[in-house]
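The values are calculated or read from the model by the stated rules, or taken from the named source; none is laboratory data. Since the model is a prediction, treat every value here as computed from it, not as a measurement. Note that we place each Cβ from the backbone using ideal geometry, even for glycine, and neighbour counts take in every protein chain shown.
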Amino acid sequence: MTTEKNALVTGANKGIGLETARRLAALGFKVWLGARDSRRGDAAAEAFRSEGFDVERLELDVTSDESVAAAVRTVAARTSSLDVLVNNAGVATGYVDALNPDGRYERPPSQEPLADTKAIYDVNVFGPIRVTQAFLPLLLAAPAARIVMLSSYLGSIARAVGSGAGESQSPNVMGYGSSKTALNAITVAFARELAPRGIMVNAAAPGYTATDLNGHKGHRTVQQAAEIVVRLATLDAGGPTGGYFDENGPLPW
Ligand SMILES: NC(=O)c1ccc[n+]([C@@H]2O[C@H](COP(=O)([O-])OP(=O)(O)OC[C@H]3O[C@@H](n4cnc5c(N)ncnc54)[C@H](OP(=O)(O)O)[C@@H]3O)[C@@H](O)[C@H]2O)c1
């Protein structure tokens with residue numbers, strides 16, 4: 001019998017996903033590095049192996065049924081269970097182009113092309129549903145699996161309307177923000193189903209982090225961002241489920 005713990009991070013070839021994978025590997029997990037582009041996945045895996053980490057590159061495009069099914073087969077051929085799933089892959093199509101020189105977002109909802117909104121929902125909303133459903137048999141086979149959804153402060157309706165405790169109104173980023181609102185609801189839905197089966201499902205807000213997603217305009221580091229993600233991925237028994245957190249605690253929905 002193996003005592004090895006397995007974790008899968010989608011979109012692990014760069015940004016917050018890469019740092020999350022590093023932290024989980026450092027904690028002793030065997031980490032499956034999900035990457036839609038196998039060359040980028042290979043590069044990340046090579047770098048981790050040279051640091052002595054136990055990682056596997058896993059080709060995985062969260063928008064493709066075939067790709068996700070193939071990824072499940074690959075993992076299932078090597079292990080009987082998955083202890084952690086981090087649904088990290090995400091896009092913010094059109095976001096960077098809509099930033100003015102001061103870094104303020106300047107694309108009103110009425111100007112957001114529907115094609116962008118759809119592209120965002122494909123990855124940020126339907127992706128986590130597809131991946132979670134497909135990997136559920138492996139997650140249920142683990143003693144107490146954890147699922148983390150990469151949400152955002154922009155997913156908070158309380159912040160959008162300016163009613164979050166002590167928070168200013170968030171920027172009006174329709175497609176991306178509402179995709180994370182949907183993801184928050186999806187988090188709660190899976191959490192309700194899976195709580196009786198011992199799986200905790202939570203949403204993490206990493207904060208505005210310097211990555212390709214925002215043209216490196218974010219003010220936080222990926223190390224800071226990964227903190228809450230890793231914490232929710234490694235919750236002790238009795239921890240919360242169906243919640244929405246940053247590193248300081250629960251967030252207003
Ligand atoms: N950065 C922030 O300020 C911030 C704030 C709140 C929440 N988040 C969330 O944090 C997560 C990570 O974002 P990040 O800032 O680290 O962005 P990033 O550096 O752009 O990384 C995004 C990752 O997602 C992958 N990805 C995109 N589409 C995919 C698909 N169809 N299938 C599989 N992987 C796909 C990318 O792969 P490629 O390299 O192939 O494009 C990349 O690995 C996202 O869910 C994002 O919404 C970020």
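Here are 131, 96, 91: which of them is farther than 30 Å from residue 69 by Cβ, touching a residue at least 12 places away in the same chain (Cβ under 8 Å) and of a type in the set (Val, Ile, Thr)? So that I can check it myself, show each step before the final result.
Values: 131 fails: farther than 30 Å from residue 69 by Cβ; 91 fails: farther than 30 Å from residue 69 by Cβ.
Going through 131, 96, 91 in turn, the sole match is 96.
Let me confirm something: among 54, 65, which residue is more than 9 Å from the ligand (Cβ to nearest atom), more than 19 Å from the chain's Cα centre (by Cα) and either surrounded by 22 or more Cβ atoms within 10 Å (Cβ to Cβ) or acidic (Asp, Glu) (or both)? Lay out the reasoning, then the answer.
Details: 65 fails: more than 19 Å from the chain's Cα centre (by Cα).
Of 54, 65, the one residue that is more than 9 Å from the ligand (Cβ to nearest atom), more than 19 Å from the chain's Cα centre (by Cα) and either surrounded by 22 or more Cβ atoms within 10 Å (Cβ to Cβ) or acidic (Asp, Glu) (or both) is 54.
Does the stretch 69-87 include one or more residues that are within 9 Å of the ligand (Cβ to nearest atom), modelled with pLDDT of 95 or more, within 23 Å of residue 179 (Cα to Cα) and in contact with a Leu (Cβ under 7 Å, 6 or more places away or on another chain)? Step through it out loud before you land on a result.
Filtering the stretch 69-87 down to residues within 9 Å of the ligand (Cβ to nearest atom) leaves 87.
Within this subset, residues satisfying the condition of being modelled with pLDDT of 95 or more are 87.
Filter once more, keeping what is within 23 Å of residue 179 (Cα to Cα): 87.
Those left that are additionally in contact with a Leu (Cβ under 7 Å, 6 or more places away or on another chain): 87.
Yes: the stretch 69-87 contains one or more residues that are within 9 Å of the ligand (Cβ to nearest atom), modelled with pLDDT of 95 or more, within 23 Å of residue 179 (Cα to Cα) and in contact with a Leu (Cβ under 7 Å, 6 or more places away or on another chain).
Inside the stretch 108-118, can you point out the residues that are part of a loop (DSSP other than H, G, I, E, B) and touching a residue at least 40 places away in the same chain (Cβ under 8 Å)?
Taking the stretch 108-118 and keeping what is part of a loop (DSSP other than H, G, I, E, B), we get 108, 112-113.
108, 112, listed by residue number.
Check 21, 47 and return the single one that is more than 13 Å from the ligand (Cβ to nearest atom), hydrophobic (A, V, I, L, M, F, W, C) and part of a helix (DSSP H, G or I). Write out each step before concluding.
Details: 21 fails: more than 13 Å from the ligand (Cβ to nearest atom).
Exactly one of 21, 47 is more than 13 Å from the ligand (Cβ to nearest atom), hydrophobic (A, V, I, L, M, F, W, C) and part of a helix (DSSP H, G or I), namely 47.
Report, by residue number, each residue of the stretch 167-211 that is part of a loop (DSSP other than H, G, I, E, B), within 16 Å of the ligand (Cβ to nearest atom) and among the aliphatic types (A, V, I, L, M).
173, 205, 210
Can you name every residue in the stretch 212-221 that is touching a helix residue (DSSP H, G or I) at 6+ places or on another chain (Cβ under 7 Å) and more than 7 Å from the ligand (Cβ to nearest atom)? First the steps, then the outcome.
Step one: filter the stretch 212-221 for residues touching a helix residue (DSSP H, G or I) at 6+ places or on another chain (Cβ under 7 Å), giving 212-215.
If the condition is that a residue be touching a helix residue (DSSP H, G or I) at 6+ places or on another chain (Cβ under 7 Å) and more than 7 Å from the ligand (Cβ to nearest atom), then 215 is the only one that fits.
What are the residues in the stretch 24-43 that are within 6 Å of the ligand (Cβ to nearest atom) and in a loop (DSSP other than H, G, I, E, B), if any?
Selection gives 36, 37.
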